[in-house]
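Below you'll find the structure, written out as structure tokens, and then a few comments.
The values are calculated or read from the model by the stated rules, or taken from the named source; none is laboratory data. If you're wondering where the values come from, they're calculated on a predicted model, not measured in any experiment. All Cβ positions, glycine included, derive from the backbone under ideal geometry; neighbour counts span all protein chains shown. All accessible areas refer to the heavy atoms of the entire protein, side chains included, with ligands and DNA or RNA removed. Shrake-Rupley method; radii C 1.70, N 1.55, O 1.52, S 1.80 Å.
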Amino acid sequence: MSGFEHGLVKHLAEAALAKIDAETVRAFPRRLAEKHRMVPVKLQGRRMVVAVSRPPDLALVEEIEFMLSVYVTPHLVNDVRLAQAMQRHYDTP
């Protein structure tokens, strides 16, 4: 069962993007971050908050949950902040 309910995506405070630790980034492979435009923000046990610029579909969230063995909860941020976080943590252009 997913940690995500479609249609109930909260907005993420910008300050949360500045507090991402290296362990959280290591838990979310770069290829997934680039392919799906997601940045992990917080990992607590088996629950992971990810930043997205638009709500993902449920099938994608469940696929990532299966691959990483975590429950994923997406939170919205604007495109510019997401791009900055991806560049900072994954060195993407």
For the range 59-69, check the following and say yes or no: at least one residue is under 13 Å from PHE28 (Cα atoms), in contact (Cβ under 8 Å) with a residue 60 or more places away in the chain and of a type in the set (Asp, Glu). yes
Going through the range 20-36 one residue at a time, which ones are open to solvent by 90 Å² or more (accessible area, probe 1.4 Å) and touching a residue at least 12 places away in the same chain (Cβ under 8 Å)? GLU23, ARG30
